[in-house]
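Have a look at the structure below, then the notes.
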Amino acid sequence: DQTRAMTRKVFFPALKQTILERKALEGEDIAKQTMSEIGERFQNCFLKRSDYIAGDSPTIADLLAYCELAQVPQALGYHYENLPELESWLESMSQLPHHDDVHKSLFKLGNMIQIIATKSRL
């Protein structure tokens, strides 16, 4: 449930602001704070004992959590800071087969958000 908070509190508000309302992202500090809090809880709960949620190789649990935790960095360009186990896990997950194919739409959305945000700042 905590990883879903990333979508509710950071990702959807950013999409609403940039795509629907065509304006620059607001509340970047709050979004980054939310990311940090959720990321730290995830790291401390799941990644202190092993490289993946349930052991030494990825499972469906990793795939589901990755979708939630990676969408904000991929689409908005925000990054988790000072969370080395989480960063390592995100990097490992991004190297899985077919990762880029599966995330093409998210990467396109990220480009759109960045273009709209840049234009609205001008």
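The values are calculated or read from the model by the stated rules, or taken from the named source; none is laboratory data. Everything numeric in this text was worked out from a predicted model, so none of it was measured. SASA here: full protein model, heavy atoms, side chains in, ligands and nucleic acids out. Shrake-Rupley method; radii C 1.70, N 1.55, O 1.52, S 1.80 Å.
Considering only protein heavy atoms and a 1.4 Å probe, what is the carbon-and-sulfur percentage of the accessible area of the stretch 46-122?
Working: 2640 of 4700 Å².
The C+S portion of the solvent-accessible surface of the stretch 46-122 is 56 percent.
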Please list Asp100, Asp62 in order of solvent-accessible area, largest first, computed with a 1.4 Å probe with all protein chains present. Asp100, Asp62
Ranked by accessible surface with a 1.4 Å probe, highest first, in what order do Arg49, Arg41 come? Arg49, Arg41
Heavy-atom accessible area ranking, 1.4 Å probe, most first, across Glu91, Glu68, Glu81: Glu81, Glu91, Glu68
Using a probe radius of 1.4 Å on heavy atoms only, what accessible surface per residue do you get for the stretch 30-110? Whole Å² is fine. 56 Å²
